[in-house]
Amino acid sequence: MKHQARATGNLERRIHDAESNLFAAVGADVDEFFVELTRTGLRVRVLSHGDGPAVVLLHGVTESAAIWAPLFTKLRHFRLLAVDLPGHGLSDPVAFRSGQVREHARRLIDDILDALGLDEVPVIGHSLGGMFALWHAAAGSGRISQVVAIGEPGTALPGVSVRMPLSLLTVRGLGVAVLRSPSPHRVYRRMLAQGLGSAEVAAAPDSLIEVLRLSARRPGNARTVASLMHAIDRFRRPRPESVLTSAELAAIAIPAIFILGFDDPYLSIERARPSIDLIQGARLYEVPGGHAPWLVDAQHAAELITTHTHLATGPQLTPTPSEGARR
């Protein structure tokens with residue numbers, strides 16, 4: 001047990017070191033703090049950058065809050081609150097179960113906003129994070145004032161294909177082994193390129209790749225991601241309950257913006273457009289890149305985000321005494 005604790009502590013120190021290198025590379029002064037979630041009983045980490053109206057950022061599966069670092073200095077006039085979702089980054093793990101993920105996501109987002117002292121706030125979500133935000137909005141909650149989905153939003157839209165390497169993570173027992181395997185940096189880069197896109201990985205700082213590689217190997221993170229992928233997806237297609245229906249998409253009553261890469265491997269823009277058109281007033285921007293286009297051109301992504309006028313009127317957040325040291 002002591003050996004395991006030491007190994008975990010060493011891994012977390014390596015994650016912090018890689019994050020420090022990443023933040024230095026992009027020129028960002030980042031604050032780290034943890035919040036306790038009362039509904040779900042979890043402790044999650046938040047990375048904070050900038051001043052101004054608060055915006056919450058939710059990352060994709062197998063990622064962490066650090067993946068938003070290239071956007072931090074491009075959106076410096078907002079207070080960006082990038083959350084490590086449960087079982088990602090340095091947040092507590094959780095076990096997902098089929099048929100219960102949507103309800104978990106709803107409670108989780110409410111929990112996070114309560115802990116941050118936000119009645120309502122814009123949310124920028126990538127992949128899994130965009131899916132959670134759209135699920136929450138479709139359920140009729142007014143706490144998310146606007147959704148910015150950058151990259152295809154998980155399995156929320158009809159027509160998504162589950163592709164390699166994510167397909168492996170849907171297989172019970174195999175997902176944990178894949179995530180915890182000691183892949184060298186260059187091997188992990190190749191796998192990440194399959195999931196995010198070759199242009200994204202080519203443009204991403206090496207320190208970001210290292211943060212993601214190390215974070216995926218935390219034992220609790222690997223178990224969380226494997227349970228999540230099995231709960232929301234089959235090997236090639238999402239489980240039906242993961243996909244928003246036409247009626248649910250039409251019921252989304254908040255401003256929504258979609259920033260999708262031309263080469264997103266999971267859902268083409270042509271197939272995504274009819275679903276997005278069901279959301280009243282939704283805007284779709286087509287940009288170069290694959291599944292994480294802000295890594296290809298952070299400045300262009302930031303410009304698209306800030307031109308969506310509702311984002312500029314988000315709520316202010318007063319810093320809390322629990323916030324940790326600047327990173």
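The values are calculated or read from the model by the stated rules, or taken from the named source; none is laboratory data. Fair warning: this is a prediction, and the values are worked out from it, not measured in the lab. All Cβ positions, even for glycine, are placed from backbone atoms using ideal geometry, and neighbour counts span all protein chains on display. Side chains are part of the model used for accessible areas, which takes the heavy atoms of the whole protein and leaves out ligands, DNA and RNA. Shrake-Rupley method; radii C 1.70, N 1.55, O 1.52, S 1.80 Å.
Peptides 48-61, 185-198 ranked from most to least packed give 48-61, 185-198, packing being the mean of other C-beta atoms within 10 angstrom over each peptide's residues.
Here the 3J(HN,Hα) profile of segment 234-249, calculated from phi with Karplus coefficients 6.51, -1.76 and 1.60 at θ = phi - 60°, is 8, 4, 10, 9, x, 5, x, 5, 7, 9, 5, 7, 4, 5, 5, 4 Hz, Gly and Pro shown as x. Other residues lying with their Cβ under 15 Å from the Cβ of Glu270 contribute a combined charge of -3, Lys and Arg counting +1, Asp and Glu -1. Between Ile67, Ile276, Ile124, the GNM of the chain built on Cα springs shorter than 10 angstrom shows Ile276 fluctuating the most.
Mean Kyte-Doolittle of at least 1.0 and a Cα length of 24 Å or more along the axis: which whole DSSP H helices of the chain meet both? None pass (Cα extent of 24 Å or more, hydropathy at least 1.0). Take every pair of alpha-carbon atoms less than 8 Å apart whose residues are at least six positions apart; their mean separation over the length of segment 126-220 yields a relative contact order of 23 percent. Computed with the Debye formula from one identical point scatterer per Cα of segment 184-280, without solvent, the log10 of I(q)/I(0) at q = 0.11, 0.20, 0.23 Å⁻¹ comes to -0.49, -1.17, -1.21.
Taken over the Cα atoms of the chain, the convex hull encloses 117 Å³ per residue. Looking at segment 41-83, none of the trypsin sites (Lys or Arg not before Pro) sits in a DSSP loop with at most 15 other Cβ atoms within 10 Å of its own Cβ. Stokes-Einstein diffusion for segment 65-142, with the hydrodynamic radius set to the Kirkwood value over Cα pairs and evaluated at 37 °C in a medium of 0.692 mPa s, equals 241 µm²/s. Would you work out what percent of the accessible area of segment 126-169, with all protein chains in place, is carbon or sulfur (probe 1.4 Å)? About 59 percent, which is the carbon plus sulfur part of the accessible surface.
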